[in-house]
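Comments concern the structure below.
The values are calculated or read from the model by the stated rules, or taken from the named source; none is laboratory data. Every value quoted in this text rests on a predicted model; they were computed, and no experiment measured them. Here Cβ is always computed from backbone atoms with ideal geometry, including for glycine, and neighbour counts include all displayed protein chains. Each accessible area value is taken on the protein alone, full model and side chains, heavy atoms only, with ligands, DNA and RNA left out. Shrake-Rupley method; radii C 1.70, N 1.55, O 1.52, S 1.80 Å.
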Amino acid sequence: MPMMPSALEEAEISNVFTSLVNPTGITIVPCSPTAKPLKTITDVKNTLQQGRKQDLKYILRNNAWPVDHPIRNQMWPLLCTQHQNEKSSNSVEGFYWEMVRQVFGTMELPDKPINLPPFVEPSHCHSYYLTHRGKAAVDRIVSVLGYAYPDIVYSPTIYSICALLLHYISEEECYNCMVCLVVCKEKTFITQTKLLYEVTWKTVMQISKKHVKGPAVFLQRHCNSARAERIYMDWIWWIFQGLPFQHLIRIMDCFFHEGIKVFYRTAMAILILFYKSTTNPSSEYQVEIQKNGVESALLKFCKEIPVTPQKFLKVAFGIRGLSSAYISRVFIRTEMVLKSKTVISGSRQLVRSRSSENLPNSQSQNNIQMVSHTLTIRELLTLWSWLPVRITMYTPILLYTTEEHGCSLTTFYVRVEQHEPTLLLIKTCNNEVFGAYCSSRWCERNQKDQRGNRQAYFGTGETFLFSLYPERAKYPWVGIDADRVEHGAELFMAADTKMITIGGGEGQAIWMDENIRFGKTDRCTTFNNPPLCPKGDFEIRVLEVYGFATEQ
């Protein structure tokens, strides 16, 4: 049974939590005497430094550190900072406090509440066990984030994540961790627009209907379709508002490493366990459903969840067939549908990114006009409308061009390989213009599989092909519209010292030689595209590669 801490234990607990926490209300669930010894911070550090991400995933999922365990003081910053894209001024010691001084004119904590940025959800500013000073610190961090990253227009979870971090780490560390999660491009941690938040709840709803059918049907049976959607809209609050603190902390251990997919699994585990608890017609949750509706019963269940945090995670990560690739496919497909609907209807209901109507700002347009030998402004605007919404919040930067950097694959890799994503644009000697949006870093060409063999292909389903002249068309991954695809349809990017390839299976969509002079294009299984230029073979006049960066 959970135990309230004694006075002596409370003193020990307070050494684990920061001075911004009031630990008196925190329920402590001690480790089982028969449990295996828990991994140490040294184990976590070593696994991370060796790049064993799968092993680290296993450690985080299976080590039931109690909420008063000191490992999180070091582990959470380690997990967050692994996601920073490059060394930036944000992680320089003292940068945060300089920002605080700029925004507030003082480094003293304010006595009165701060006007929070508009991206915060005022009704869901959960501070958990933070003191009054702790809440003020969250307000300050969130405000500085809003000042430093004006691209964030709607992000309801930022406040809660900040508050949880402050239970274990300092204010400056918390800010640095949040920056890493906000700017990470490799995986999603924090949605930053209204549209992407809508994509998340629709994704949860779709994967629930497929992978936890019984609970999803049960939910649907107790309300009409519109009401069911309303319940899924609040999916993130089942977790951040509903679950007990000890469950939430264990979920965050995994989240800081794996990203938002942990929350998807968490939401589905809640539905599975809730459904099981209602099988008895006389159960208290059936009574609650009859009295106040299924939404109220679900939230009540979350607060009283009858399983340990470790059992809960076992249910969440035991859902079969729920691969990262599948989740990504559903997410991308949902984003594309919502984005196209918004463009077609001209809707203004969804808050868009800083770049109005998903167009690049005037500075970006001017920059590209000055450096590009392939893109007209009209073509740029077309291409911009095809990019994932989150990428349109960044500024395009020219990483490599044959006009300036020469025709060498070695130079290409040196200038491009650490950037993610990248946009490749080819202009042929016949003036055809086409290319690809490449979702992953080109340095992944050197990664090896578990047997030590170099992986031939890499990349994700966000990769797509396009043609801008003479035809204007986008060719997304065929898997976006299919639940299962053959291996030949998952060949996104390949590269070595002799060539670059995009797309595979029965042909290569784009192939270029080591001198970046000649290439060929065929139909391929991955994108089901026609050849991107009529003759198939082409001579390259210009190759340009763009990356994306904040304007900071």
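Points to keep in mind about this one:
- Nearby lysines by direct alpha-carbon distance to Lys135 (threshold 16 angstrom, same-chain neighbours under 8 apart not counted): Lys112
- Applying a threshold of 22 Å to the alpha-carbon distances of Lys210/Lys261; Lys57/Lys210; Lys53/Lys185; Lys209/Lys474; Lys185/Lys427 flags Lys57/Lys210; Lys209/Lys474; Lys185/Lys427 as lying beyond it.
- Accessible area per residue, Å², segment 104-185 with all protein chains present, probe 1.4 Å: 36 Å²
- Taking the inverse of the mean reciprocal distance over all distinct Cα pairs, the Kirkwood hydrodynamic radius of the chain comes to 25.4 Å.
- Taking the accessible area of the chain, probe 1.4 Å, and keeping the other protein chains in place, the carbon and sulfur fraction comes to 50%.
- Shape analysis of segment 381-447 places it in the oblate category; the axes a ≥ b ≥ c from the Cα gyration tensor give an a/c of at least 1.5, with a/b not above b/c.
- Pairwise label distance in nanometres, Asp496 with Thr40, each label 7 Å out on the Cα-Cβ vector: 4.3 nm
- Gain on full extension, evaluated as 0.36 nm per residue between Ser283 and Thr308 minus their Cα-Cα distance, stands at 7.0 nm.
- Nearest 10 degrees, 0 to 90: helix 194-211 Cα axis against the chain principal axis: 80 degrees
- Against the compact-protein benchmark of 2.2 N^0.38 Å, the Cα-based radius of gyration of segment 219-285 scales to 1.24.
- Whether segment 95-182 is rounded, prolate or oblate, judged on the alpha carbon gyration tensor where a/c under 1.5 counts as rounded: rounded
- Ellipsoid fit via the Cα gyration tensor, segment 378-513: semi-axes of 23, 20, 15 Å, each the root of five times an eigenvalue, largest first.
- For Lys535, a cut-off of 13 angstrom between C-alpha atoms picks up these aspartates and glutamates, skipping any fewer than 8 places away in its own chain: Glu432, Asp522.
- Helix 95-104 axis, angle to the chain major axis (alpha carbon atoms, nearest 10°): 80 degrees
- Within straight-line cross-link reach of Lys291, lysines at Cα separation under 16 Å, skipping those fewer than 8 residues along the same chain: Lys300
- When the Cα convex hull of segment 13-164 is projected onto planes of every orientation, the mean area is 11.1 nm².
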